[in-house]
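Undergrad: First the structure, which I've put down as structure tokens, then a few questions once you've had a look.
Any read-out appearing in this document is the output of simple, stated calculations on the displayed coordinates, not a laboratory observation. Only a predicted model underlies this, so the values are computations on that prediction, with no experimental measurement involved. Cβ atoms come from the backbone with ideal geometry, glycine included; neighbour counts cover every protein chain shown.
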Amino acid sequence: MAEVATADVSHDDHHHEHEQTFWSKYVFSTDHKIIGFQYLFTGIAMAIIGGYFAYVFRMQLAFPGSSVPFFGIVSPSAYNSLVTNHGTIMIFWVAMPVLIAAMGNFLIPLMIGCDDMVFPRVNRLSYQIFLLSAIVLIASFFVPGGGFGGAWTAYPPLSALAKYNATPFGAPMWLIAVALEIVAFLLGGINFITTAMNARAKGMRMYDIPIVVWMIVIASMLFMASVGPLVAGAVMLLFDQTLGTTFFDASAGGDPVLWQHLFWFFGHPEVYVVLLPAMGIVAEVMCTFARKKLFGYKLILYATVGLGILSFFVWAHHQFISGVDPRAAYLFTTTTLLISIPVAIMLFAYIATLYGGSIQFTTAMLFALSFLAEFLIGGVTGIWLGSSGTDIYLHDTYFVLAHFHYTFFPIAIIGTFTAIYYWYPKMFGRMMNETWGKIHFWGTIIAFNGIFLPLFFLGAAGQHRRIYNYQNFPDLAGDNMQDLRVFATISLVIMLLFQIPFVINFIVSLKRGKKAGKNPWKANTLEWVAPSPPPHGNFPDGMPEVYRGPYEFAHPDREDDYWPQNEPGNQKPANK
Amino acid sequence: MAGNSLKKYNRIYVALLILFIVSVLGPEIADIFGMEGLSRMALILPTAFGIAIVKAYMVAAHFMHLKTEKIYAPYILLVSLALMVVFFFGVKIDIMASEGHNWEKPYKEPTESSASHHGDHSESHDDDH
Amino acid sequence: MLEKLLPAASTYAKDIDGLFDLITYLVGFWFILAMGVFFYLVFRYRRKPSEKAQYITGETHKQKLAIEVPHYLILLCDIAILVLTFIVWHHVKIEKPPAEDEVRIVGQQWAWTFYHSGADGLLGTDDDIAKVNELHVKKDTVYHYKLESRDVMHSFSVPVFRLKQDTIPGRIIEGWFEPNKTGEWDIQCAEMCGVAHGIMAARIFIETEEEHAAWIAANSPNSADTSMIAKNETVLETQAQEDRSNG
Amino acid sequence: MAHQIIATSRSATGIPTGRLAVWWVVASEIFIFGGLIAAYLLNRFLHGSWAQEAAVTNTFIGGINTFWLLTSSWFVVIAHHYSEQRDAKKTRQFLWLTILLGGFFMGFKFVEYYKEISHGMTLFTNNFWSFYYTATGLHGFHVLCGMVIMAIIAEGDIKNERNWHRVENIGIYWHFVDIVWIFLFPLLYIAK
């Protein structure tokens, strides 16, 4: 049955290749891989914008008042707008589309061995809405009053009334863009979840699913479950902004703190929404290049589920000092510190995976390993903030900023690079240059630590976030502190410059790279069974069947050190 | 078999209608007997919300076929509901109170409602809530 | 540890610093251990042509212990941190020692107004001293503060006190502090509050009893120099009323 | 588009793919309406004066509207029953009856809005009415979407005797919208 259908697909495909124009093939395609690329490249384009914003405001902090090259003088309102939109873009338009949408679209159907997502047209619609949201956001920078500048958390009443935020058009447009983006990811998320639940290849049981697919699916569920109240809140806030209702106006009996709860009920699970896919990507890469079976597959999976559930009970730790009842802090500190347990289990299992391996230091593996090291810094610094006692002091300082950049940078940037270096051969059929990859790696990682390590000290010394010029604060204007700011800014510029080798490597390898072949890394999962790049329909030689788990490296019963999932064998080892 | 299911749907529908009428009658009866305060609550809460839950259960179980659906579906929906309950109780201490530990809201309830002709119940209900 | 970066000038600052240190030691231990193991493994198991990787599932009971044991130990550390956190939180935010003086703090875009209680130590009397962006307090005195906001959210943050509390329109939030070191430091706004959030800077002056008394004497509404302060306050009040009527 | 996607026809869970997706849609809607209703309830319990506002809402029209939706739920489940018997004519008939009742619902809704607004109860009167219009408006929007999709299914799929499973899927969605109303009705109309 499956065979017949596949033959049809490949036949159809050949038939269509002649007729497909550029538009129908790359713009309005329903092919999951093309949609994945669309998300990937849109995400990278938005990352360039977000990175440019970071460059502008870091230059302003290091050299306050002077004209920033390629921008000009940074006014206070421009600074607020840059900071706000840097945060929004990096989370909603970079981390989410690249890690969940691009990787989910590209990997899920290939890894579970089917020909496309279950709803290809819904998938296309999801990307189109996402693109629209990005356009609305970018347009909001150019309307009268400028882009929204009330921080990515958009606390009312500042975000609700133009007389407070001075961006009568920027604020509603920002909110509409975020709402559209949420709709796009709800559509995409339902598609991912349904695909992974229903469309698995024959023989693929629960524990034969590669961990990255699990992670993306669990992340989509977390997103769906957490974002609903925010959608309701966004409607309410939009009415406040545009129509003049008083949902969040205290003088009319509303409560601005309600928005904080609605936002953070989403905002905290959102961290795990982007974390999990990155963890999954790292797991794939580590297993392949350490030639090791993932240590405690089920343990990691259960820890992930536990993490997901716990993440719904911690949201108010973002609000310890923001006027919520202080008694609530007891509960939320407890749950917050408990969340260190599943995260620690996952990280320990990852580190244990390295034990007894045969580690190849390819660029992808270097990025994966650096993810673990950097994320560990981000993770442990969270304890100071999750503990309500120290959070009184550290809240909204640069300590927080450095902490979440040590989590989000590994997630969004290192995770993305890991994925691109690892799956590039599958995506485009050619290998990337390893030497340039390593130059890119060391430049990025060292410069990254150069940016954010100093910020921990600035934060611990009491420097608050979102302030455009520290010269106004005598305690913060000292030369020692200014030196640290300059150091961070220079590191940022160096890090941005080190992205140029990556871009050149990426583009040159498209044409000049070594041909990859089906399985250049000798990996086990199903995407390596398909040709590189996979054609429309993915598996022209017939849909694969699955006989074992995804990480059977160095199995004692086998000569080769890898054992593809689709290769028939006389036993089904492990993972019963 | 087929006819049976149709009959079942009809039975459920009739039951729903009866429940619906009872739920509307609850507050009317309370008004007629002039019930106030606790006794009014005791009547309205079960007739309005108790019956709403029963109706929702009947629609979900029989019309949406959740009773015969694979176990995934009811779990998905129950987890969703449970998380909303978590949200409600996590937020309650702040939003559903006019004062807490070391804070208070100076906001005063308007004494007169926007529709003045129905303003007579006000005092007693302030206490109930 | 924090004191090296910024002086501590309130009684509970040392508690928060102590908690910070405890977390630093516990977390630092685990961090260094994990990093050590990590780099050792990466180095030890680098690819060598002669060695094939081992087949370890991590599913057997013995192997799982490698994860379970550290995770129980981490739980113990968590509990230790939790206990101290609760004590500190209770001390700083829940329980208030009896007040010896009061101050009312009002945030608005983009300035702080501090209503000092004046000579009688009570707020709401005629001798209250309103000052914009200047908070004068007496060393070794327990202050109760009342936080209000006229428009949007602000955050009253005094880094040397290790104190921070957001102000919320429509809420009056209370708390306390006891300065124990004289000097002059920053008060920052720690919550994004609009265009000029970055220059919403105030100063705190912690004075000895004599200095403080002299300051009160010089600034009391009865003294000659009051007209400007009174005017200042009326301006703020009218602005607030306008805001209310607009909203 | 030209060829059938194999993925869509697979069913590892045993629930057909379309229906599984509808369950997830319903779950995500539970979060959206749940957030709104939770926000409303928190305010309602806090503000005692809202009980007087709720007394002003028109219980009669609300009740009639509940009746329309309950009946339409009944019709759509009958449509599902006939779709399982592959009876295109009856299925279409009951789908259109459902749409008709949805239309009655919307019509009464508009009359109700008109009456309230002409009595000075608008979106801006106070927060109770803001919540009232937001919640019923969002719900009405869902009813409208359901009606449009149902019409497309009746005229596009059932007329051409294909995609029979879509009747059940839209039915599940419609029942969910009905359940939301079952809760909104006591919350906004009869609890006072």
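Undergrad: Determine the calculated [θ] at 222 nm for chain C from helices alone, applying -39500 (n - 2.57) to every DSSP H run no shorter than 4 residues and normalising by the residue count; nearest 500 deg cm²/dmol. Before the final figure, lay out each step's value.
TA: Working: 5 runs with 97 residues, N = 247.
The per-residue figure over chain C is -13500 deg cm²/dmol.
Undergrad: Can you give the percent of C-alpha pairs in the stretch A:310-380 whose distance is more than 13 Å? All intermediate terms of the calculation are to be shown ahead of the outcome.
TA: Details: 1795 of 2485 pairs.
That tail contains 72 percent of the Cα-Cα pairs.
Undergrad: Among D:Tyr82, A:Tyr302, rank each residue by its count of other Cβ atoms within 10 Å, from fewest to most, as a rough exposure measure.
TA: Fewest to most other Cβ atoms nearby, the residues stand as A:Tyr302, D:Tyr82.
Undergrad: Describe numerically, in nm with one decimal, the distance between label points set 7 Å from Cα along Cα→Cβ at A:Phe41 and at B:Val14.
TA: 6.4
Undergrad: Let me ask you something else. Along the principal axes of its C-alpha atoms, what lengths does the stretch C:2-94 span, in descending order and rounded to whole Å?
TA: 63, 31, 13
Undergrad: Hey, which lysines would be in cross-link range of B:Lys7, C-alpha to C-alpha under 28 Å, not counting anything within fewer than 8 residues on its own chain?
TA: Answer for B:Lys7, where 28 Å is the Cα cut-off: B:Lys55, B:Lys67, B:Lys70, D:Lys89, D:Lys90, D:Lys159, listed by chain and number.
Undergrad: Looking at the stretch A:176-316 from every direction and averaging, what is the projected area of its Cα convex hull in nm²?
TA: Values: hull surface 40.1 nm².
Averaging across all directions leaves 10.0 nm² for the Cα convex hull.
Undergrad: I want to check the label-to-label distance for D:Leu41 and C:Tyr72. Put each point 7 Å from Cα in the C-beta direction and report it in nm to one decimal.
TA: 4.0
Undergrad: Relative to the Cα centre, what is the charge dipole magnitude of the protein assembly as shown, using +1 at the beta carbon of each Lys and Arg, -1 at the beta carbon of each Asp and Glu, and rounding to the nearest 20 debye?
TA: That gives the protein assembly as shown a dipole magnitude of about 5040 debye.
Undergrad: Here's something else I'd like to know. Counting other Cβ atoms within 10 Å, keep those with at most 12, restrict to DSSP loop, and tell me which GluC sites (Glu not before Pro) in the stretch B:1-88 are left.
TA: Filter output for the stretch B:1-88: empty list.
Undergrad: Provide, for q = 0.11, 0.16, 0.17, 0.18 Å⁻¹, the log10 of I(q)/I(0) from a solvent-free Debye sum over equal Cα point scatterers in chain C.
TA: Here log10 of I(q) over I(0) equals -0.70, -1.19, -1.30, -1.41.
Undergrad: Using the Kirkwood radius over Cα pairs, work out the Stokes-Einstein diffusion coefficient for the stretch C:34-173 at 25 °C and 0.890 mPa s, in µm²/s as a whole number.
TA: Using the Kirkwood radius from Cα pairs, D works out to 120 µm²/s.
Undergrad: Please build a GNM for chain C, connecting alpha carbons under 10 Å apart, and tell me which residue among C:Leu26, C:Leu82, C:Leu41 fluctuates the most.
TA: Per the Cα network of chain C with a 10 Å cutoff, C:Leu41 tops the list.
Undergrad: If you take the Cα atoms of the stretch B:2-102, find Rg, then find the Kirkwood Rh from the mean of 1/r over all pairs, what is Rg/Rh?
TA: 1.12
Undergrad: Extension gain A:Val503-A:Lys298, at 0.36 nm per residue separation less the Cα-Cα distance, in nm?
TA: Separation in residues times 0.36 nm, less the Cα-Cα distance, equals 70.0 nm.
Undergrad: Related question: Using 0.36 nm times the number of residues separating A:Tyr26 and A:Leu510, minus their current alpha carbon distance, what extension gain do you get?
TA: 172.6 nm
Undergrad: Take the Cβ-Cβ distance between A:Phe70 and C:Asp120 as r, set R0 to 45 Å, and report the resulting FRET efficiency rounded to the nearest 0.05. Kindly include the intermediate steps, with their values, before the conclusion.
TA: Numbers: r = 59 Å, r/R0 = 1.31.
It comes to 0.15.
Undergrad: Need one number: % antiparallel among DSSP beta bridges in the protein assembly as shown, to the nearest 5.
TA: Bridges in the protein assembly as shown that DSSP calls antiparallel: roughly 75 percent.
Undergrad: Among the listed pairs A:Lys515/C:Lys48; C:Lys146/C:Lys181; A:Lys522/C:Lys48, give every one whose C-alpha distance is greater than 20 Å. Provide the component values of the computation, followed by the final result.
TA: Values: A:Lys515/C:Lys48 26 Å; C:Lys146/C:Lys181 22 Å; A:Lys522/C:Lys48 17 Å.
Beyond 20 Å: A:Lys515/C:Lys48; C:Lys146/C:Lys181.
Undergrad: May I have the pair-distance distribution P(r) for the stretch D:1-118, computed from all Cα-Cα distances with 10 Å bins from 0 and rounded to whole percent?
TA: Distribution as computed: 11, 21, 34, 20, 11, 3, 0 percent.
Undergrad: Bins of 10 Å, beginning at zero and ending with the bin holding the largest distance: percent of Cα pairs per bin for chain A, please.
TA: 3, 17, 28, 27, 16, 7, 2, 0
Undergrad: With Rg and the Kirkwood Rh both taken from Cα atoms, where does Rg over Rh land for the stretch A:380-430?
TA: Here the Rg-to-Rh quotient is 1.31.
Undergrad: Say R0 is 30 Å: what FRET efficiency, to the nearest 0.05, do C:Glu174 and B:Glu36 get from their beta-carbon distance?
TA: Efficiency, from the Cβ-Cβ distance: 0.25.
Undergrad: Could I ask something else about it? Residues in the stretch B:54-91 near a label at B:Asn4, defined as backbone nitrogen under 15 Å from the 7 Å Cα→Cβ point?
TA: B:68
Undergrad: Determine the calculated [θ] at 222 nm for chain D from helices alone, applying -39500 (n - 2.57) to every DSSP H run no shorter than 4 residues and normalising by the residue count; nearest 500 deg cm²/dmol.
TA: Roughly -26000 deg cm²/dmol at 222 nm, from the helical runs in chain D.
Undergrad: Show me, for the stretch A:24-33, the HN-Hα J-couplings you get by feeding each phi into the Karplus relation (A = 6.51, B = -1.76, C = 1.60, θ = phi - 60°), rounded to Hz, glycine and proline as x.
TA: So the J values, rounded to whole Hz, are 6, 8, 10, 9, 9, 6, 9, 5, 4, 5.
Undergrad: I would also like to ask the following. So what's the stretch D:16-190 giving for Cα Rg divided by 2.2 N^0.38 Å, two decimals?
TA: Its radius of gyration relative to the 2.2 N^0.38 Å reference: 1.12.
Undergrad: May I ask which residue of A:Ala530, A:Pro550, A:Pro474 lies farthest towards the positive end of the charge dipole of the protein assembly as shown, with charges of +1 (Lys, Arg) and -1 (Asp, Glu) on Cβ and the Cα centre as origin?
TA: Checking the options against the dipole of the protein assembly as shown, the answer is A:Ala530.
Undergrad: Continuing with the same structure: Cα axis of helix A:479-497 to longest principal axis of chain A: angle in degrees, 0 to 90, nearest 10?
TA: Roughly 30 degrees between the two axes.
Undergrad: Looking at the protein assembly as shown, what % of the alpha carbon pairs are farther apart than 52 Å?
TA: On the way: 169900 of 653796 pairs.
The calculated P(r) of the protein assembly as shown puts 26 percent of pairs beyond 52 Å.
Undergrad: Going out from 0 in 5 Å bins, what whole percent of all Cα-Cα distances in the stretch C:52-124 drops into each bin?
TA: So the P(r) values, bin by bin, are 3, 11, 9, 9, 10, 9, 7, 7, 6, 6, 5, 5, 5, 4, 2, 1, 0.
Undergrad: At q = 0.13 Å⁻¹, work out log10 I(q)/I(0) for the stretch D:24-91 with the Debye formula, treating every Cα as an identical point scatterer and leaving solvent out; two decimals please.
TA: These q points yield log10 I(q)/I(0) values of -0.67.
Undergrad: Measuring from a point 7 Å past the Cα of A:Ile446 along Cα-to-C-beta, which residues in the stretch C:38-63 have an amide N at less than 12 Å?
TA: No residue qualifies, since no backbone N sits under 12 Å from the label point.
Undergrad: Once label points are set 7 Å from the Cα along Cα→Cβ at both D:Tyr114 and C:Lys48, what is their separation, rounded to one decimal in nm?
TA: Placing both labels 7 Å along Cα→Cβ, they lie 8.8 nm apart.
Undergrad: How many percent of DSSP beta bridges within chain C run antiparallel, rounded to 5?
TA: Around 70 percent antiparallel, to the nearest 5.
Undergrad: A further question follows. Zone of A:Arg327 (label point 7 Å along Cα→Cβ, backbone N under 19 Å): which residues in the stretch B:66-106?
TA: The answer is B:86-106, whose backbone nitrogens lie closer than 19 Å to the label point.
Undergrad: Taking amide H positions as placed 1.01 Å from N in the peptide plane, with prolines and chain starts having none, which residues 5 or more places from A:Ala151, or on another chain, fall under 5 Å of its amide H?
TA: Amide H neighbours of A:Ala151: A:Thr84.
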